Structure formats: C-alpha cells, structure tokens
Amino acid sequence: MRLYIKYISIHLKSQMQYKASFFLMIVGQLLLSFTVLLGLYFMMDRFKTVGGFTLEQVLLCFAVVLMAFSLAECFARGFDLFPEMISNGEFDRVLVRPRGIIFQVLATKVEFSRLGRLIQAAIVFTYAIPASGVIWTWDKILTLVLMVVCGALIFFGLFLVYAGFTFFTIEGLEFMNVLTDGGREFGTYPYSIYGDGILKFLTYVIPLALFQYYPLLYLLDKKKDILHMLTPLLGLLFLIPCYLFFLLGLSRYKSTGS
Amino acid sequence: MTTYFSLLKMRFLNSLQYRAAALAGIATQFGFGFMFISQYLAFYRVNPLAFPMGIDQVVSYIWVQQAFLTLYMTWFFEGDIFSAIVSGQVAYDLARPMDLYGKWFCQCVATRLARAILRCFPVLILGLLLPKPYALTLPSDGLQFLLFVISSILTLGVVVAFSMFIYISTFYTLSPTGVRIISSVFADFMAGSIVPLPFFPDGFRQIAELLPFAAMQNMPLRIYSGNISGMEALYGIGFQLIWLVILVTGGKLWMKKALKRVVVQGG
C-alpha cells in the first residue's frame with residue numbers, strides 16, 4: 001500500500017510538469033460529460049419525467065454513475081492501456097518483478113486528468129443531494145457511499161475483463177466500450193427505462209444496475225427493505241469472475257516478443 | 001486531379017485492411033444504437049405528444065447515424081497529420097509539388113469513406129430486419145434518398161473542412177489534445193450527435209440551426225428520416241454548400257498564413 005501511494009505521488013508530480021496541458025485536459029473531460037448533462041437537461045425539460053423519475057432524481061443517478069466511472073478510470077487506467085503494454089512487450093517485465101501483477105498494472109498509470117469528470121460529478125451532487133427530496137438519514141448516506149464505491153469497483157471489474165481479452169486478441173476489443181463507456185453514457189438514466197430485458201441483463205450478467213437502479217429505489221423510498229440498500233455489495237461478487245477471466249487469459253499469455 | 005485521386009485510392013485501400021477492427025466496430029455501433037433507441041422509447045411512453053418528430057423518424061435517425069458514424073463525427077482525427085506537424089515531418093510534405101491543404105483533405109475523406117463503407121451495411125441491414133419499434137424504415141421515395149446521399153457527401157466535406165482548422169491550429173499550439181477534445185465535443189453536440197436538433201429547446205434551437213454545425217450530420221439524418229423534405233431539404237443542401245465554401249476558403253487562407261511563419265520542429 002505504501003508503495004502504491006508512492007507511485008501515485010510520482011504520477012501526480014510527472015503530470016504536473018505540463019500544467020497547461022494538464023488543465024486543458026481536465027477542462028476537456030469536464031466539457032465532454034457536460035454535453036451529456038446538457039442533453040439530459042433538454043430531454044427532461046421537455047418530458048418532465050422518465051420511467052417515473054424526475055429531473056432531480058435522474059441527476060442523482062447521473063452523478064453516482066459519473067463519479068464511480070471516473071474513479072475507476074483514474075486509478076485503473078493501466079488496464080485501459082493494457083493492449084499497448086502487451087503489444088510493446090512491456091508486460092514481460094511485469095512478469096519477472098516480485099510483486100503482484102494486478103498491483104503493477106494499476107501502478108503503471110494514474111490518470112489525474114480524468115478527475116475533470118469527478119469534479120463535475122461533485123458539482124451535480126451538490127445540487128442533486130438537497131434537491132432530490134431525499135431525507136438524508138444515516139442509512140441513506142451509507143447507501144449513497146456504497147453506490148459510488150461499489151460502482152467504481154464494478155467498473156474496475158469491467159476494465160479487468162477488457163484487459164483479459166487482450167491476452168487473446170492482442171489489440172483492445174472495441175466492443176467492451178458498450179459496457180464501459182456505454183454503461184456510463186446510458187447510466188445517466190436509471191437502467192430500468194431501457195426495458196425489462198436490458199434491466200435483467202444488467203442485473204444478472206453485467207451487474208451495473210445493482211449499484212445504480214436498485215439502491216436508487218431505496219434512496220427514493222420506493223423500496224424500503226434492507227436488501228435494496230445492500231445490492232451494491234452483492235454486485236461486488238462480479239469481481240470474482242472478472243478476476244478468474246483475467247487469470248485465464250494470463251495462463252494463455254504468449255509474449256509478442258518486441 | 002489525378003494526384004488527388006490516386007492519393008484517395010491509396011488511403012482507401014490502406015483503411016480496408018483493418019477488417020477485424022471494423023467487425024468489432026459494427027458490434028459496438030449496433031449496441032449503442034439499440035440502447036439509444038430504448039432511451040427514446042422510454043421518453044415516448046411518457047408523452048408521445050411532446051415528441052417534435054415521429055418516433056420512427058428518431059429510430060431511423062439513430063440507425064443511420066450509427067451506420068455512418070465515421071462520416072459524420074468530428075472526433076475522428078488523422079493521427080498522422082498531428083504527428084507530422086509536431087515531429088517536423090511536415091517539411092517533406094511542403095517540399096512536394098502539391099497543395100498541402102488538398103493532400104490532407106483527401107487523406108481525411110478517404111479514411112472516413114473507407115471506414116464507413118466497411119461498417120455501414122451490417123448495421124443498416126440489421127436495423128431493417130429488427131421488429132417494429134426498433135425497425136429502420138426506408139426513405140419515403142427515391143428522390144428523398146437521392147437528397148440524403150447528396151447531403152451526406154456535403155456533410156463529409158463540412159466535417160473534414162472543420163477538422164482542417166484543428167490540424168492547422170496545431171502549427172501554433174503544438175499540443176493538439178486540449179483543442180481537439182473541446183472543439184469536437186462542442187461541434188458534435190451542436191450537430192445533433194447526442195440529441196437531435198428538433199429536441200433542442202426553442203431559442204437555443206434557432207441559433208443552433210444557423211451555425212456551421214447544423215450543416216453536419218443534422219442535415220442528412222433529418223432528410224433520411226423524412227423530418228425535412230421537399231423544398232426544405234433543397235434549402236438545407238444549399239445551406240450546407242454555403243458553409244462548405246466558407247470553411248474551405250477560410251481554412252486555405254489560414255493555412256497559407258500559418259505556413260508563412262512555420263518553424264519546423266527538430267530534425
């Protein structure tokens with residue numbers, strides 16, 4: 001852990017060397033999700049509700065997903081860049097070092113410019129938390145924290161699967177974007193609005209709805225049982241198959257030799 | 001002219017090599033299209049009367065947009081051009097007896113065209129085969145389809161002419177990432193990539209419809225879906241043509257100016 005913090009500080013220092021470029025990147029990231037927010041506002045302004053949720057409630061959902069995703073992307077960027085690591089042979093070096101593989105890949109890159117999205121998520125939270133009409137008792141606060149933290153971990157699991165595929169294909173699999181970028185993009189609205197089939201898929205196969213839709217129902221008092229509060233924790237089970245898949249890929253690893 | 005044509009052909013053949021990538025791209029675009037349509041269907045269930053265009057028009061808009069993503073989106077850039085400017089390679093290009101603007105323009109058009117041709121048919125065919133609320137509908141008649149094709153070609157021109165400005169700006173900034181992200185995100189939004197222009201609130205929409213971004217994907221997609229037809233479509237094509245001329249002339253002038261003061265980086 002201490003080693004990881006050391007790595008983080010090194011990455012921070014190196015990225016701060018190019019301050020102008022760094023801040024432009026943050027602004028770019030901010031703007032990138034800002035247009036999504038603007039689109040959301042246009043739609044909600046026209047229709048007032050969607051799937052039984054109001055603008056403020058949808059914004060709460062938007063902020064949770066955005067924050068979870070940007071946390072995952074900031075720290076797990078190494079897995080996003082994994083195809084590069086495989087194809088330039090860098091991964092061979094990782095294998096011979098006396099540390100865990102996951103740890104080393106995590107430590108290769110911490111992308112602080114992704115925090116642009118995090119800032120925006122925080123701003124939206126400051127509006128949506130009071131405006132959503134939720135009475136913030138301790139259990140609601142805990143639920144919200146669970147949503148963000150478990151969400152980040154589930155997105156991390158998806159990045160792990162993406163990296164796992166690289167062992168078979170060498171280059172990155174664009175289709176995974178539907179689940180990662182798509183999960184973020186479409187997670188701006190509660191996943192239930194996309195219909196039963198997609199909700200079931202996002203519950204049982206790729207459990208994105210477990211940290212978004214179900215605990216949101218608990219927050220908004222639409223469901224009162226403890227199970228809906230704890231679904232994000234259930235979603236963490238998803239990390240097991242992700243990890244196993246990564247190991248499976250690893251056992252098949254052949255160096256590209258360059 | 002023959003130089004440009006062979007350049008176009010070369011780039012085109014080069015891009016056709018990446019067939020596996022195209023396959024993955026098709027699956028991705030299909031997934032995104034499906035989800036976007038589900039999203040609009042959810043809004044449609046809330047209040048069909050608040051829809052500024054027919055639901056089947058929106059569905060067609062999304063499928064055609066996904067199928068021709070590489071023609072319409074400003075965020076596809078040629079990495080070659082940026083690295084040529086930053087690394088100083090551009091000096092060789094300047095020594096060649098051909099217009100640099102024309103060369104880059106051709107390169108961008110060819111790459112986009114090749115990618116689009118590789119990717120569009122599976123998405124379109126799947127869209128046509130899907131059951132009702134998700135089904136892609138064909139344009140009402142041959143004329144409408146013809147207008148759509150003309151408008152698409154003009155969009156390609158406008159989008160590439162716009163991206164030329166970003167390439168040229170690299171002569172000044174040398175670090176394209178920031179400008180690139182900000183300008184393309186803004187342009188794509190104003191062109192209707194996230195929400196079609198008819199969904200924009202009044203006032204905002206009227207302004208958006210005058211900007212050059214409205215001469216991008218907005219036009220062909222709305223013509224295909226039948227949201228714009230007849231005289232209005234012809235007027236729209238004229239609007240695209242005007243912006244194309246303005247952007248190309250402006251780009252060429254700026255390029256001339258930029259090249260006068262160009263400092264070639266490194267050896």
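The values are calculated or read from the model by the stated rules, or taken from the named source; none is laboratory data. Bear in mind that the values here come from a model prediction, so they are computed numbers and not experimental data. Cβ coordinates were reconstructed from backbone atoms using ideal geometry, including for glycine residues, and neighbour counts include every protein chain displayed. All accessible areas refer to the heavy atoms of the entire protein, side chains included, with ligands and DNA or RNA removed. Shrake-Rupley method; radii C 1.70, N 1.55, O 1.52, S 1.80 Å.
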Residue count, the stretch B:47-81, condition open to solvent by 10 Å² or more (accessible area, probe 1.4 Å), under 27 Å from B:LEU174 (Cβ atoms) and in a helix (DSSP H, G or I), comes to 2
Residues of the stretch A:52-94 satisfying the condition of being in a helix (DSSP H, G or I) and either β-branched (Val, Ile, Thr) or free of Cβ contacts under 8 Å to residues at least 40 places away in the same chain (or both)
A:LEU55, A:VAL58, A:VAL64, A:VAL65, A:ARG77, A:GLY78, A:GLU84, A:MET85, A:ILE86, A:GLU90, A:ARG93, A:VAL94
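Out of all the residues in the stretch B:177-185, is one or more out of contact with any Lys or Arg (no Cβ under 6 Å at 6 or more places or on another chain) and either at pLDDT 90 or above or not in a helix (DSSP H, G or I) (or both)?
no
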Can you name every residue in the stretch A:169-194 that is open to solvent by 20 Å² or more (accessible area, probe 1.4 Å), outside any helix (DSSP H, G or I) and either under 18 Å from A:GLY52 (Cα atoms) or not aliphatic (A, V, I, L, M) (or both)?
A:GLU171, A:GLY172, A:GLU174, A:PHE175
Since A:PHE22 meets every condition but one in (1) open to solvent by 30 Å² or more (accessible area, probe 1.4 Å); (2) within 22 Å of the chain's Cα centre (by Cα); (3) under 15 Å from A:LEU115 (Cβ atoms), which condition does it not meet?
(1)
Can you confirm whether the stretch A:199-214 contains a residue that is crowded, with 21+ Cβ neighbours inside 10 Å, closer than 30 Å to A:GLU84 by Cβ and away from chain B (no Cβ under 14 Å)?
yes
Taking the stretch B:181-213 and keeping only residues that are open to solvent by less than 10 Å² (accessible area, probe 1.4 Å), over 15 Å from the mean Cα position of the chain (by Cα) and either of a type in the set (D, E, K, R) or facing another protein chain (nearest Cβ under 10 Å) (or both), one is left with B:VAL195, B:PHE199, B:PHE200
Is there a residue in the stretch A:128-144 that is part of a helix (DSSP H, G or I), closer than 27 Å to A:LEU12 by Cα and open to solvent by 20 Å² or more (accessible area, probe 1.4 Å)?
no
The stretch B:75-102 residues that are under 21 Å from B:PHE12 (Cα atoms), paired with ones that are β-branched (Val, Ile, Thr) (beta carbon under 7 Å, 6 or more apart)
B:PHE76/B:THR70; B:GLU78/B:THR111; B:PHE82/B:THR170; B:ALA84/B:VAL90; B:MET98/B:THR3
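For every residue, the table says whether it meets (1) away from every other protein chain (no Cβ under 12 Å); (2) touching a Pro at 6+ places or on another chain (Cβ under 7 Å).
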position	(1), (2)
B:GLN39	no, no
B:ARG45	no, no
B:GLN57	yes, no
B:TYR61	yes, yes
B:PHE77	yes, no
B:ASP80	yes, no
Hits in the stretch A:202-258 - residues which are more than 20 Å from the chain's Cα centre (by Cα), over 20 Å from A:ALA128 (Cα atoms) and assigned to a helix (DSSP H, G or I)
A:ILE226, A:LEU227, A:HIS228, A:LEU247, A:LEU248, A:GLY249, A:LEU250, A:SER251
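Quick grid of which residues meet (1) touching a strand residue (DSSP E or B) at 6+ places or on another chain (Cβ under 9 Å); (2) modelled with pLDDT of 90 or more; (3) within 14 Å of another protein chain (Cβ to nearest Cβ); (4) buried (at least 24 other Cβ atoms within 10 Å of the Cβ):
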position	(1), (2), (3), (4)
A:LYS48	yes, no, yes, no
A:GLY51	no, no, yes, no
A:THR54	no, yes, yes, no
A:PHE62	no, yes, yes, yes
A:PHE69	no, yes, no, yes
A:PHE82	no, no, no, yes
A:VAL96	no, no, no, no
A:GLN104	no, no, no, no
A:ALA107	no, no, no, no
